[in-house]
Amino acid sequence: MNDYPMETVKSMPPIAISAITLLGIPLNEWVFILTIIYTVLQITFFVRDRMLKPWLHRRVNQRANAQKGKSQS
């Protein structure tokens, strides 16, 4: 019995995955591009949530306190 056809069928999924291209860009490049986009988004959300929002909150509170001080005097 010849195992050649069966071995060919077994090796098709890895060959198909390595040959996938979308818009002329190979799959490994898409993974790289999406990883960069994901990393930039994570950095953006971190800066917004951990740095920008607290800074804006403090600024709003300082202005509110300044307005209270002006209205009391």
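Numbers for the structure displayed
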read-out: Gained length - Lys70 relative to Phe32, 0.36 nm times residue gap less alpha-carbon distance; value: 8.1 nm
read-out: Residue-normalised accessible area of the stretch 21-73, expressed per residue, 1.4 Å probe, Å²; value: 94 Å²
read-out: Estimated inter-spin distance, Gln42 and Val60, nm [label 7 Å along Cα→Cβ]; value: 2.9 nm
read-out: Solvent-accessible ranking of Leu56, Leu23, largest area first, probe 1.4 Å; value: Leu23, Leu56
read-out: Accessible-area order (highest first, 1.4 angstrom probe) of the listed residues Arg63, Arg48; value: Arg63, Arg48
read-out: Ile33 accessible area, assembled protein chains, probe 1.4 Å, Å²; value: 60 Å²
read-out: Accessible-area order (highest first, 1.4 angstrom probe) of the listed residues Lys70, Lys53; value: Lys70, Lys53
read-out: Theoretical gain in end-to-end length, Leu23 to Met6 [0.36 nm per residue, Cα-Cα removed]; value: 2.9 nm
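The values are calculated or read from the model by the stated rules, or taken from the named source; none is laboratory data. Since we're looking at a predicted model, the values are computed, not measured. Backbone-built Cβ (ideal geometry, glycine too); neighbour counts: all protein chains shown. Accessible surface areas use protein heavy atoms only, side chains included; no ligands, DNA or RNA. Shrake-Rupley method; radii C 1.70, N 1.55, O 1.52, S 1.80 Å.
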